Amino acid sequence: MLGKLKKGLSKTREGLVGKITKIIKTRKKIDAEFLNEIEEILISGDIGVDESLQIIEELKAEIKKQGYQNSVDILAVLKG
């Protein structure tokens with residue numbers, strides 16, 4: 001039973017990472033629409049609204065702090 005749960009969680013994580021990576025590769029510029037898309041993916045991936053909003057706020061702070069403008073630059077931030 002735990003094996004099925006772990007496998008299901010792994011698939012969910014892989015799905016989230018895949019969707020976010022796709023957006024990062026297709027949308028080069030970091031803007032409000034880009035961040036909204038990531039937020040929607042997190043929420044739809046059962047991360048939860050509060051947690052998703054917290055992740056986005058932390059991501060925005062890191063983007064500002066580091067001066068990121070290109071979406072590829074934040075891939076390491078999201079993985080970290």
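Read-outs: derived from the displayed coordinates by stated rules, not from any lab. Values in this document were obtained by computation on a predicted structure and should not be read as measured data. Positions of Cβ are backbone-derived with ideal geometry, glycine not excepted, and every protein chain shown enters the neighbour counts.
Summary of values
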{"item": "Reach of residue 65 by Cα under 14 Å, taken over aspartates and glutamates that are not fewer than 8 positions away in the same chain", "result": "57, 73"}
{"item": "Alpha-carbon radius of gyration plus Dmax, which is the widest Cα pair, for the stretch 14-79 in Å", "result": "10.9, 30"}
{"item": "Those residues of the stretch 32-58 whose amide nitrogen sits under 11 Å from the label point placed on residue 64, 7 Å along Cα→Cβ", "result": "57-58"}
